[in-house]
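Report on the following structure.
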Amino acid sequence: MNTIKKETIIEFEERKSKFIGYAKPISNKKEAESFIQQIKSKHPDATHNCSAYKVIDNGQEYFKTDDDGEPSGTAGKPMGDIITYMEVSNLVVVATRYFGGIKLGASGLVRNYAKTAKLAIQDAGIEEYIEKKIYLVDFNYDKIGEIENIIGISGEYIEKGYNDRVTYKIKTDENTYNTLKNIKDVIIIDL
């Protein structure tokens, strides 16, 4: 299964309409819905904020498209078709459109929303999907270097706390988790 490497933003103009494409890797439906709302809040004055996402969460597939007021099937569906065509999962794509005064017609809408999704996915890069979970890692200060080397590029820091001991909230893969749990005096909690 493939997904995208990173969050990205692309832009282009078509017959005076401005299209902004957003793509983000996700691991559950809630993240997708939250990202869509975040983009809608960022562009409340946009003519449309159309979206599509596909996520496999605990063996359940969620696939949703939204035309956000564009004629039925001219925005969300072509974006969803690109996700299927490019064989990627666990991502959300949002296309923000500012109408430029020239109507594009149904075929023009389909073409440009598909183009927005494709450019955003290509810009984000495609990679093999590796499931990541959130963990709490608690350890002594003398292990910071060792722990950070293990977390490295495969992990993502969500929160860092420095009190009597160091506490990191991280999102990482199973291999990193297994390496961390084998270190003496390191406490790991699966969230």
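The values are calculated or read from the model by the stated rules, or taken from the named source; none is laboratory data. Note that the structure is a prediction, hence the values are computed from the model and not measured. Using ideal geometry, Cβ is built from the backbone for each residue, glycine included, and neighbour counts are taken over all protein chains shown. Heads up: the accessible areas ignore ligands, DNA and RNA and are worked out on the full protein's heavy atoms, side chains in. Shrake-Rupley method; radii C 1.70, N 1.55, O 1.52, S 1.80 Å.
As I understand it, the value is the acute angle between the Cα axis of helix 105-124 and the longest principal axis of the Cα atoms of the chain; what does it come to in degrees, rounded to 10? With rounding to tens, the tilt is 20 degrees.
Assuming R0 = 22 Å, what is the FRET efficiency of ILE126 and THR167, from their Cβ-Cβ distance, to the nearest 0.05? Intermediate results must be reported in sequence, preceding the final value.
On the way: r = 34 Å, r/R0 = 1.55.
After rounding, the FRET efficiency stands at 0.05.
What is the total of Lys pairs in the stretch 1-53 with C-alpha atoms under 16 Å apart, excluding same-chain pairs fewer than 8 positions apart?
Values: LYS5/LYS24; LYS6/LYS24; LYS18/LYS40; LYS18/LYS42; LYS24/LYS40; LYS24/LYS42; LYS30/LYS40.
Count of close lysine pairs: 7.
Its Cα centre serving as origin, the chain has a Cβ charge dipole (Lys and Arg +1, Asp and Glu -1) of approximately 660 debye.
Normalised by the number of residues in the chain, the mean separation of alpha-carbon contacts (under 8 Å, six or more apart) gives a relative contact order of 24 percent.
Of the solvent-accessible surface of the chain, computed with a 1.4 Å probe over protein heavy atoms with every protein chain present, carbon and sulfur atoms account for 45 percent. From helices alone, the chain scores -10000 deg cm²/dmol at 222 nm; the rule is -39500 (n - 2.57) for each run of n ≥ 4 DSSP H residues, then divide by the residue total.
Phi angles of the stretch 13-26 translate, via the Karplus equation with coefficients 6.51, -1.76, 1.60 and θ = phi - 60°, into HN-Hα couplings of 10, 9, 6, 6, 8, 9, 10, 10, x, 10, 9, 8, x, 9 Hz per residue; Gly and Pro are given as x.
Once C-alpha pairs closer than 8 Å and six or more residues apart are averaged by separation and normalised to the residue number of the stretch 1-61, the relative contact order reads 26 percent.
Return the loop-located chymotrypsin sites (Phe, Trp or Tyr not before Pro) in the stretch 90-175 (DSSP other than H, G, I, E, B) with at most 16 other Cβ atoms within 10 Å of their own Cβ; answer none if there are none.
Working: sites: TYR98, PHE99, TYR113, TYR129, TYR135, PHE139, TYR141, TYR157, TYR162, TYR168; in loops: PHE99, TYR129.
Filter output for the stretch 90-175: PHE99.
Each residue, SER72 and ALA106, gets one label point 7 Å from its Cα in the Cβ direction; the gap between the two is 1.1 nm. Between the alpha-carbon centres of the stretch 163-178 and the stretch 59-131 there is a gap of 35 Å. Pairing the Cα long axis of helix 29-42 with the longest principal axis of the chain, what angle in degrees results, from 0 to 90 and rounded to the nearest 10? For 29-42 against the chain, the angle is about 60 degrees.
Considering only DSSP states other than H, G, I, E and B, which GluC sites (Glu not before Pro) in the stretch 128-183 qualify as loop sites with at most 15 other Cβ atoms within 10 Å?
Working: sites: GLU128, GLU131, GLU146, GLU148, GLU156, GLU159, GLU174; in loops: GLU131.
Passing sites in the stretch 128-183 are GLU131.
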